[in-house]
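The values are calculated or read from the model by the stated rules, or taken from the named source; none is laboratory data. The model shown is predicted, which means the values in this text are computed figures rather than measured ones. Note: ideal-geometry Cβ built from the backbone for every residue, glycine included; neighbour counts use all protein chains shown.
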Amino acid sequence: MPHTHRRAPWIALIATLIVSGVCLRLAFWQLERADEKRQWLTEQSERATLPPADLPTLQAADDPMHRRASISGHFDNAHNVLLDNRTLNGVAGYHLLTPFETRKGRWVLVNRGWLPRGNNRANLPAIAPITGSLTVTGAVYRPSRDVFVLKDMPLPDNQWPLRVQKVDFDAIGEQLGVELAPFEIRVTPEVALGNNTPLPRHWQDVTVMGPERHKAYALQWFALALAALLIYVAAALRNWRKARKTREER
C-alpha cells in the first residue's frame, strides 16, 4: 500500500506531461496548418488575377481552383441540376447548375446562382431557359469531396431537374451521357446570362477553413495544455500541504 501511495504522484505527473504534450503538439500542428492555409489562400488570390482561360486550359491545369474562366457555347436547358440546402439570408433554396457545351464539344456545369425553394418542397422552382450561343465568364470552383450527407443515394434516371445533396460530376455526367469537367464554373456576380435577370450569386468557398480558425483551435489546445499543468500543480500542492499537516499532528 505505501508503494502505491509513492507511485501515485509519479503516475499523475507522467499522465499530466503526456496530456500536455499531446495538446501542445496539436496546437503547433494547428499553427502549421494556419501557415499552410495562408499560403494557399495567397496562391488562390494570385491565381484569380490571371487572364480568363478557356475550358481545355482549365482542365489541363493541376489545380484550376478560383481561376477565371471564359467559355463560349450553349446551355442544355433540359437537364438542370438543383443543389439542395443552399441558404441565402436565412432562406432555404438551391444552387442552379446547368450543363454547358462549348463550341469545341466539351461539357461543364455552370452554376447560375441561387433560387428560393418555396414553402412546398415537392414543388421545384421554375427555371428560365437560356437560349442561343453566348459567352459565360466566371470562376472555377471544385466542391470538397467530404461533403456530409445523411445517405448517398443513386441518381434517379431521366428525372430532371435533378435535385442533389452534393455535386458528383462523374455521376451527373453519366446521366447526361457526356464527360463533364471535374469542376463547376460559378458565373460572375451581377452578370446577366442572355436576357435573363441575374440570379443572386453570393459565392462563398465552404471547402476551406480560414487560417484564423486554425489559430483559434491552436489557442484552445495551448489553453488545455496549460490547464492540465495547473490542475496537476494545484493537486500536488494540496497533497503536499495535507501531508505536512499530517506530519505536524503526529
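Inside segment 33-69, residues that are surrounded by fewer than 17 Cβ atoms within 10 Å (Cβ to Cβ) and either under 17 Å from Arg103 (Cα atoms) or touching a Phe, Trp or Tyr at 6+ places or on another chain (Cβ under 7 Å) (or both) make up a count of 5.
Residues that are free of Cβ contacts under 8 Å to residues at least 40 places away in the same chain and within 25 Å of Arg213 (Cβ to Cβ) are absent from segment 50-60 altogether. Residues Ala218, Ala227, Ala223: which one is in the same structural domain as Gln30 (by TED's automatic domain parsing), in a helix (DSSP H, G or I) and crowded, with 18+ Cβ neighbours inside 10 Å? None of the others qualify; the one that does is Ala218. For segment 1-24, the count of residues that are touching a residue at least 24 places away in the same chain (Cβ under 8 Å), part of a helix (DSSP H, G or I), of a type in the set (Lys, Arg) and assigned by TED's automatic domain parsing to the domain that holds Gln220 is zero. Evaluating Arg117 against the criteria (1) in the same structural domain as His214 (by TED's automatic domain parsing); (2) crowded, with 18+ Cβ neighbours inside 10 Å; (3) of a type in the set (D, E, K, R) leaves one unmet condition, (1).
Conditions tested, residue by residue: (1) among the hydrophobic types (A, V, I, L, M, F, W, C); (2) over 21 Å from the mean Cα position of the chain (by Cα).
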site	(1), (2)
Trp40	yes, no
Arg47	no, no
Asp76	no, yes
Gly93	no, no
Lys104	no, yes
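Among the residues of segment 39-61, none qualifies, meaning not one is modelled with pLDDT of 85 or more and either in the same structural domain as Tyr232 (by TED's automatic domain parsing) or within 22 Å of Trp240 (Cα to Cα) (or both).
Restricting attention to segment 116-148, the residues being under 30 Å from Ala61 (Cβ atoms) and either among the hydrophobic types (A, V, I, L, M, F, W, C) or at pLDDT below 90 (or both) number 11. Candidates Leu83, Leu115, Leu109: the one that is touching an Asp or Glu at 6+ places or on another chain (Cβ under 6 Å), assigned to a strand (DSSP E or B) and not polar (S, T, N, Q) is Leu109.
Would it be correct to say that Val108 is closer than 16 Å to Phe183 by Cα and of a type in the set (A, V, I, L, M)? The answer is yes for Val108.
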